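Chemist: Before I ask anything, here is the structure I am working with.
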Amino acid sequence: MKILFTGASSFTGFWFIKELAAAGHEVTAVFRKMPDEYSDDIRRSRVERLLPICRPIYGCSFGDDNFLKLIGEGKWDLFCAHGADVTNYNSPDFDVTTALANNTYHLPLVYDGLIKSGCNKVIITGSVFENDEGAGDKDLKAFSPYGLSKSFTWQIYRYHAAAKQIGLGKFVIPNPFGPYEERRYTRYLLKNWFARATAVVNTPAYVRDNIHVSLLAKQYVEFATLSNSGGCSYLNPSGYVETQGAFTQRVAREMRDRLCLECNFELKHQVEFKEPYVRINTDPIAARLDWKEKLAWDEMAAYYEGQWALGRLS
């Protein structure tokens, strides 16, 4: 398949393209910057590793003139709308209105161009932290303004897809972890453990859905390339559903022998619950996927060992 992909520099985007290319698909990846213009060393490393396995297009943003021209010049089987405005995504002051405008800029024209090119299927990436996604306690409200922007983006994609009669799928991501992720939870754990420090877990009671990014990527490829081209389809793939305390124990158990580290941690007594107690995805991973859990943990250990040796585990 000839695939047009946005959001390639992201953690999950990197893994999705790797798996799409490994499956024999021809991926054209859209980047807003040149590789050396990314100030974040992790993101820059992801982009550099993608260049041999995809066709990169630089200086292009969703819906702009260059993007519409790119669509018109090609023949596409699938459009993967993985990119989204993530500027200050952790901030309570995240600008939902601007993000929504950027995420859906000229969307009807994008759909028209795709249809003209022969494309009849679009896959948009969602998050379990949007409102009305996954399962959990309370009312499934959005975790943050960023999550809210993703929800509104999906609604606009769905509205125009129905009007244009183009197939649309939504792939909802829970909590992915693994090599090349941003400075998030498992990276925090490994950084402390390599430094022979105790990792402090302040929110061990939250029930979350953590999933190996390599497994998530395999499920993404199957969903994106095998789902029906007509109407709407959904997938909410689920990984390790457990408390963050139990997940911490799992990571420590898997890393100790592989890295010869003590992997000490302290689970604090959680008294504040600013986020929902439970938020998880609901669809079991397909058993037929060619994925080995042990190899995924091996790969994760080797990656972080290399990062520590190079002084990049910060």
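Chemist: Among the candidates Lys75, Lys18, Lys69, single out the residue that is in a helix (DSSP H, G or I) and in contact (Cβ under 8 Å) with a residue 60 or more places away in the chain.
Modeler: Lys18
Chemist: Quick one: in segment 125-141, of everything that is surrounded by 19 or more Cβ atoms within 10 Å (Cβ to Cβ) and among the hydrophobic types (A, V, I, L, M, F, W, C), which residue is nearest to Val172 (Cα to Cα)?
Modeler: Ranking the candidates gives Val128 first.
Chemist: Identify all residues within segment 149-169 that are within 16 Å of the chain's Cα centre (by Cα) and small (Gly, Ala, Ser); write none if there are none.
Modeler: Residues satisfying the conditions are Ser149, Ser151, Gly169.
Chemist: Only residues that are of a type in the set (Gly, Ala, Ser), surrounded by fewer than 20 Cβ atoms within 10 Å (Cβ to Cβ) and in contact with a helix residue (DSSP H, G or I) (Cβ under 8 Å, 6 or more places away or on another chain): list them for segment 23-56, please.
Modeler: Once the filter is applied, which keeps residues that are of a type in the set (Gly, Ala, Ser), surrounded by fewer than 20 Cβ atoms within 10 Å (Cβ to Cβ) and in contact with a helix residue (DSSP H, G or I) (Cβ under 8 Å, 6 or more places away or on another chain), segment 23-56 yields only Ala23.
Chemist: In segment 130-150, is there at least one residue being aromatic (Phe, Trp, Tyr), part of a helix (DSSP H, G or I) and over 30 Å from Ala309 (Cβ atoms)?
Modeler: Yes, there is a match, as at least one residue in segment 130-150 is aromatic (Phe, Trp, Tyr), part of a helix (DSSP H, G or I) and over 30 Å from Ala309 (Cβ atoms).
Chemist: Also, quick follow-up: Identify, by number, the condition in (1) touching a Lys or Arg at 6+ places or on another chain (Cβ under 9 Å); (2) surrounded by 18 or more Cβ atoms within 10 Å (Cβ to Cβ) that Leu267 doesn't meet.
Modeler: If we test Leu267 against (1) touching a Lys or Arg at 6+ places or on another chain (Cβ under 9 Å); (2) surrounded by 18 or more Cβ atoms within 10 Å (Cβ to Cβ), just (1) comes out false.
Chemist: Another question, if that's okay. Just to be sure before I move on: is Lys170 outside the structural domain of Arg258 (by TED's automatic domain parsing), crowded, with 19+ Cβ neighbours inside 10 Å and among the basic types (Lys, Arg) in the structure I sent?
Modeler: yes
Chemist: Could we say that Ala286 is touching a Cys at 6+ places or on another chain (Cβ under 8 Å) and either touching a residue at least 40 places away in the same chain (Cβ under 8 Å) or in a loop (DSSP other than H, G, I, E, B) (or both) here?
Modeler: Answer is no for this residue.
The values are calculated or read from the model by the stated rules, or taken from the named source; none is laboratory data. Small disclaimer: the values here were computed from a predicted structure and weren't measured. All Cβ positions, even for glycine, are placed from backbone atoms using ideal geometry, and neighbour counts span all protein chains on display.
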